[in-house]
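The next block holds one structure in the form of structure tokens; read it before the comments.
The values are calculated or read from the model by the stated rules, or taken from the named source; none is laboratory data. This is a predicted model, so every value here is computed, not measured. Glycine gets a Cβ as well: all are built from the backbone with ideal geometry, and neighbour counts include every protein chain shown.
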Amino acid sequence: MATDKLQWFRDARFGMFIHWGVYAVPAKGEWGMFANGWEYDYYEKFAERFNPVDFDPALWAKLAWDAGMRYVVFTTKHHDGFCMYDSHHTDFKITNTPYKKDITAELVKAFRAQGLKIGFYHSLVDWRHPQFVPDAEHPLWKKGPEAWKGRDRAVYRDYLYKQVTQLLTEYGKIDLLFFDYTSKFKTQDEWDAEKMLELVYSLQPEIIVNDRLSFLKTPKFYGDYATPEISVPNAQVTVDGKPVDWETCMTMNANWGYAGDGGFHKSAQTMLGALLKCVSLNGNLLLNVGPDALGRLPAPSVKALKEMAAWMADNSESVHGAGMAKFPAPTGLVYTQKGDALYLCLNDPPMGDIILPELKGKIKDIELLADGQDVPQITHWGWELLGDKEIRIRPPIDIPPLSVLKINLEQ
């Protein structure tokens with residue numbers, strides 16, 4: 001499953017997810033139509049008011065890049081069926097709003113110019129399409145089978161394929177495709193997963209595709225990488241007992257799409273801690289922002305991105321191109337590794353000396369990554385409490401949270 005085309009993904013380790021659509025107008029999240037029981041006519045009128053005049057994709061791209069993100073995954077269509085691009089196959093799209101312009105094209109141009117890889121999120125589900133066959137996670141389900149009698153999933157599948165074809169032929173090189181999702185009520189047959197992958201790879205041979213064309217990887221793993229969600233696994237992700245490339249997606253607050261109640265916002269330290277844990281397990285973090293209806297990123301999200309940028313300015317080498325270490329980290333901490341360098345990530349300023357397992361006689365020197373100051377190995381006392389392969393080190397006690405020690409190993 002792991003191929004050379006995934007190398008950029010492994011090196012990047014950190015991406016920006018953007019959930020944005022007409023659901024930003026009611027500001028109840030991207031599942032707002034389903035969760036609130038809104039009728040189609042009521043929901044579709046939000047498109048008449050969607051006019052993100054403050055959209056500044058170059059600013060978003062700069063914020064992402066400075067924060068250490070190296071790719072973007074943008075929601076071209078969510079489950080509500082609204083297209084954030086100039087679809088040839090539906091009128092429910094951004095170019096039919098007061099904004100009129102193709103937001104996807106604008107975003108791709110700006111993010112590509114900044115140096116980020118381009119990824120598209122595209123929902124396999126479409127609550128609005130007249131031939132999509134509902135399940136229990138569809139707004140029509142509560143009305144019963146009579147509400148969708150006679151629907152033909154083959155007709156919907158043709159629509160889906162045409163949408164994907166347009167996205168992969170009209171926006172230049174697309175590096176990643178994030179399908180979402182095959183529910184527990186459906187199977188990969190709904191989309192003809194193998195045929196879909198053939199289409200995608202024929203249009204963009206170097207693209208990488210996530211694993212959501214099937215439910216729980218059955219009957220097989222479709223795609224190139226795995227996508228756990230809203231959690232960091234305890235170990236390298238595997239499929240059929242074999243390690244695979246993977247990425248977990250998480251929110252910066254409590255929502256994917258914009259929610260106007262403000263809500264809870266995670267700290268930059270919390271999010272960077274999750275990123276480092278992902279890297280330590282050979283994984284990526286895809287961190288979501290939810291712009292509002294005017295095209296602005298929430299102020300707490302911007303603040304957190306700038307704080308992450310400040311951390312990245314000193315510590316990015318512990319993330320980009322790094323992965324799982326060959327040695328066990330001290331209890332409660334994580335290592336990442338790149339070549340002969342181990343990166344010890346300190347969640348909090350140290351209480352005192354730190355004992356490193358398995359590294360006695362293997363260390364060339366240690367430095368604080370932020371400023372290069374020496375971190376000494378303590379060999380003149382306390383050795384009687386150490387295991388045979390342990391070594392005591394003494395980092396500065398006044399360093400900020402999430403400081404990183406670079407441990408250069410003997411070659």
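General observations
- Residues in the range 144-173 that are of a type in the set (V, I, T), under 30 Å from F111 (Cα atoms) and not in a loop (DSSP other than H, G, I, E, B): V164, T165.
- Residues being farther than 19 Å from A310 by Cβ and surrounded by fewer than 18 Cβ atoms within 10 Å (Cβ to Cβ) - total across the range 378-404: 15
- Scanning the range 67-107 for residues that are assigned to a loop (DSSP other than H, G, I, E, B), touching a residue at least 24 places away in the same chain (Cβ under 8 Å) and of a type in the set (D, E, K, R) yields R70, D80.
- Selection within the range 254-302: residues that are at pLDDT below 95 and part of a strand (DSSP E or B). The member of this set that is nearest to E30 (Cα to Cα) is A259.
- The range 134-157, subset hydrophobic (A, V, I, L, M, F, W, C) and in contact (Cβ under 8 Å) with a residue 24 or more places away in the chain, residue surrounded by the most Cβ atoms within 10 Å (Cβ to Cβ): V155
- In the range 247-278, the residues that are closer than 22 Å to Y225 by Cα and either acidic (D, E) or free of Cβ contacts under 8 Å to residues at least 24 places away in the same chain (or both): E247
- Residues located in the range 29-43, provided they are in contact with an Asp or Glu (Cβ under 9 Å, 6 or more places away or on another chain), more than 16 Å from W141 (Cα to Cα) and either in contact (Cβ under 8 Å) with a residue 40 or more places away in the chain or not assigned by TED's automatic domain parsing to the domain that holds F82 (or both): E30
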